[in-house]
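Below you'll find the structure, written out as structure tokens, and then a few comments.
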Amino acid sequence: MVKEKKRATGSFYTCLSVADYIVRWAIDDEYTTVLEPSFGDGSFLYSALNRFNEFGKSNPVIYGVEIQDEPFFNFTNSNDIVDCTLTDFMDYKLSSGIDAVIGNPPYVSLKNLSSCERNKVISLMNSYGIEIPSSSSLWMPFVVHSTEMLNENGKLGFVLPYEITYVRYAFKLWDYLKKNYSKLRIYRVFKDFFPEVDVETIVFLAEGKGGTTDNVEYTAFKDTVNLFCDNSLINISIPIKDISSLSKPFERALISQNTKEIISSLRQNNTLVPLVEECKFKIGYVSGNKEFFHPSLDTINKYKLKESNLIPCLINSKDINNQKCIGLDTQNAISDSYLFYPMDIGRGEKKYISFGEAKNVNLGYKCRVRNPWYITPSIEIPDLILTVFGDVPKMITNSKGFAVSNSLLCGKINSTTKNTSAKELVCRWYNSLTLLMIELYIHSLGGGTLVMIPGEMDKMELISNYPESKINDVFDKLNDCMISKGVSETYSLGDELVLKQIYNLTDIEINEIRKSLEKLRSWRKPDLRR
Ligand SMILES: C[S@@+](CC[C@H](N)C(=O)[O-])C[C@H]1O[C@@H](n2cnc3c(N)ncnc32)[C@H](O)[C@@H]1O
């Protein structure tokens, strides 16, 4: 099958050993009736047939569904025991209930379905009382529609994407699951057992259909061998309400007990506080057309654009990351980027605006909804600037007063609550505890890259009660380190200068924090797990 078609239909097949594991769990005896709602190459079906063979059962009741001709006929041409139907599972109905659902449903965004298919999914979910946004993925309605076909006490065992543990659209699913099963389990395996797909996968087991529960049992394993012999790294019960609080309980579970205790004692002393109480981060301005709104020096001269209509700005993180001389403040930043912001329109500005209209810039998505189209809204000069991507984001003060675009985050200090200075926040930012908090509050993209987004930044906690007398000295040392050694070293220096010398954390405690940080990083990065 060609790659594009594989992607569009989510056709990546489960290895037999994992299918066997789920099947052994799901099929208790020869009388179990089974459904595989998207059987693909039939891994789960072959596994189920083997299981029934072990029981000496030659005519088990197994239903299989598949939407694509090729895998459907490949399987049905060589098998006539399974009752197979070539259809969209969303249209599939059974006249009687079944005891076990097994499989690995497609991970396809509803946005990539045709509008007819998408509407069908949405109305089917509505009929079960679940509102499903179009940002969600097809695996979710597969879980619900399968659950609705289960008999009392039935079981469902699926391979699902790890995103079930944190994406917002799955919160409704968790509400549904807790009202429909008496036991829920998630098994996460460090050594990726499904490397073909670019999302992390877990084993999801739900049992006791008809019952209820408030928790999900979470177990992590080094590899599938350890999964099969039940030799776990951690095993913990997570309250389902913690999933929708966005507090990343499945990450939190991986850190050591000692680290948990260090964090909780810092919180109790009010030494670890929510950053948002002192500083709110938002994305920078969205101009709507990068080229037009950031005229080059030649263009500025050609149209004689007035200086008062040009705001000095930083357009992307390279403006910060690639200029070593910046250190921890924009004072030494060299930028020849300007945002065209015409409040005082003269002849040159008029001509430049007409030029933009001739190029249809005014009809672009962002520009056409604002009035006048050429004024970029929400320009705020931030006190702090934060880079968005990567393990070790750079936070710098903005004493030169640049505006920043939406490739960066803008921090505005809340002067009504506390009078924290931007320099003080930078001193408190650079240390391993902040990096650990980033792992605990900020999500990553499929490839493991962290993305600092405002909603999650609001959850970040930062070390607090910083002595004013130590601001300038520590800031200067961190700044020198940033210039001479780079950002990772600056975080390490903060451990020594701030965590150890100011907050009196011991080397042992700092090492505990670093070990937990490394552990969370290793679970986050797919290349370390393949
Ligand atoms: C991730 S593969 C898994 C196949 C098999 N369950 C396994 O684990 O090896 C997903 C399968 O779902 C099928 N599929 C996609 N959309 C479907 C739908 N709406 N109804 C039924 N099957 C579907 C695809 O054709 C593909 O074979």
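Couple of notes before you dig in:
- Scan of segment 272-308 for residues that are touching a Pro at 6+ places or on another chain (Cβ under 8 Å), surrounded by 20 or more Cβ atoms within 10 Å (Cβ to Cβ) and free of Cβ contacts under 8 Å to residues at least 60 places away in the same chain, ordered by number: Leu305
- Residue check for Phe171: within 12 Å of the ligand (Cβ to nearest atom), surrounded by fewer than 21 Cβ atoms within 10 Å (Cβ to Cβ) and under 21 Å from the mean Cα position of the chain (by Cα): no
- Selection from segment 64-87 of residues that are surrounded by 14 or more Cβ atoms within 10 Å (Cβ to Cβ) and within 8 Å of the ligand (Cβ to nearest atom): Val65, Glu66, Ile67, Gln68, Pro71
- Residues in segment 88-98 that are touching a Phe, Trp or Tyr at 6+ places or on another chain (Cβ under 8 Å) and away from the ligand (no atom under 15 Å from the Cβ): Ile98 only.
- Among the residues listed as Val159, Val199, Val189, Val203, the single one being of a type outside the set (D, E, K, R), assigned by TED's automatic domain parsing to the domain that holds Ser96 and touching a residue at least 24 places away in the same chain (Cβ under 8 Å): Val159
- Within segment 67-126, being under 36 Å from the mean Cα position of the chain (by Cα) and of a type in the set (Ser, Thr, Tyr) holds for Thr85, Thr87, Tyr92, Tyr107, Ser109, Ser114, Ser115, Ser123.
Quick grid of which residues meet (1) at pLDDT below 95; (2) at negative phi; (3) touching a helix residue (DSSP H, G or I) at 6+ places or on another chain (Cβ under 7 Å):
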position	(1), (2), (3)
Asn269	yes, yes, no
Gly288	yes, no, yes
Ile300	no, yes, no
Ser317	yes, yes, no
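- Which listed residue is of a type in the set (Phe, Trp, Tyr), modelled with pLDDT of 95 or more and away from the ligand (no atom under 15 Å from the Cβ), from Phe44, Phe39, Phe52: Phe52
- Within segment 88-105, considering residues that are touching a helix residue (DSSP H, G or I) at 6+ places or on another chain (Cβ under 6 Å) and not small (Gly, Ala, Ser), the one surrounded by the fewest Cβ atoms within 10 Å (Cβ to Cβ): Met90
- Test: residue in segment 130-139 that is away from the ligand (no atom under 12 Å from the Cβ), surrounded by fewer than 22 Cβ atoms within 10 Å (Cβ to Cβ), of a type in the set (D, E, K, R) and part of a strand (DSSP E or B): no
- Set side by side, the residues Asn153, Asn126 differ, and just one is exposed (fewer than 15 other Cβ atoms within 10 Å of the Cβ), modelled with pLDDT of 95 or more, not in a helix (DSSP H, G or I) and not charged (D, E, K, R), which is Asn153.
- Applying the set (1) touching a residue at least 24 places away in the same chain (Cβ under 8 Å); (2) surrounded by fewer than 18 Cβ atoms within 10 Å (Cβ to Cβ); (3) among the polar types (S, T, N, Q); (4) more than 22 Å from Gln268 (Cα to Cα) to Asn465 leaves exactly one unmet item: (4).
- Checklist (1) surrounded by fewer than 23 Cβ atoms within 10 Å (Cβ to Cβ); (2) modelled with pLDDT of 95 or more; (3) in contact with a Phe, Trp or Tyr (Cβ under 7 Å, 6 or more places away or on another chain) applied to His443, failing item: (2)
- Here segment 191-236 is the region considered, the condition is being within 17 Å of Cys15 (Cα to Cα) and hydroxyl-bearing (Ser, Thr, Tyr), and the residue that is nearest to the ligand (Cβ to nearest atom) is Thr201.
- When each of Ile375, Ile381, Ile353 is tested for being of a type outside the set (D, E, K, R), in contact with a strand residue (DSSP E or B) (Cβ under 7 Å, 6 or more places away or on another chain) and assigned by TED's automatic domain parsing to the domain that holds Met437, the lone residue that passes is Ile381.
- Against the criterion of being more than 16 Å from the ligand (Cβ to nearest atom), under 18 Å from Ser146 (Cβ atoms) and either hydrophobic (A, V, I, L, M, F, W, C) or not in a strand (DSSP E or B) (or both), Ser58 does not qualify.
- Counting only helices (runs of 4 or more DSSP H) wholly contained in segment 386-468, the ones carrying 1 or more residues that are among the polar types (S, T, N, Q) occupy 432-441.
- Index of the failed condition, Val273 passing every other in (1) assigned to a loop (DSSP other than H, G, I, E, B); (2) not assigned by TED's automatic domain parsing to the domain that holds Ser488: (1)
The values are calculated or read from the model by the stated rules, or taken from the named source; none is laboratory data. What you see is a predicted model, and the numbers here were worked out from it, not measured in a lab. Here the Cβ is made from the backbone with ideal geometry for all residues, glycine too, and neighbour counts use every protein chain on show.
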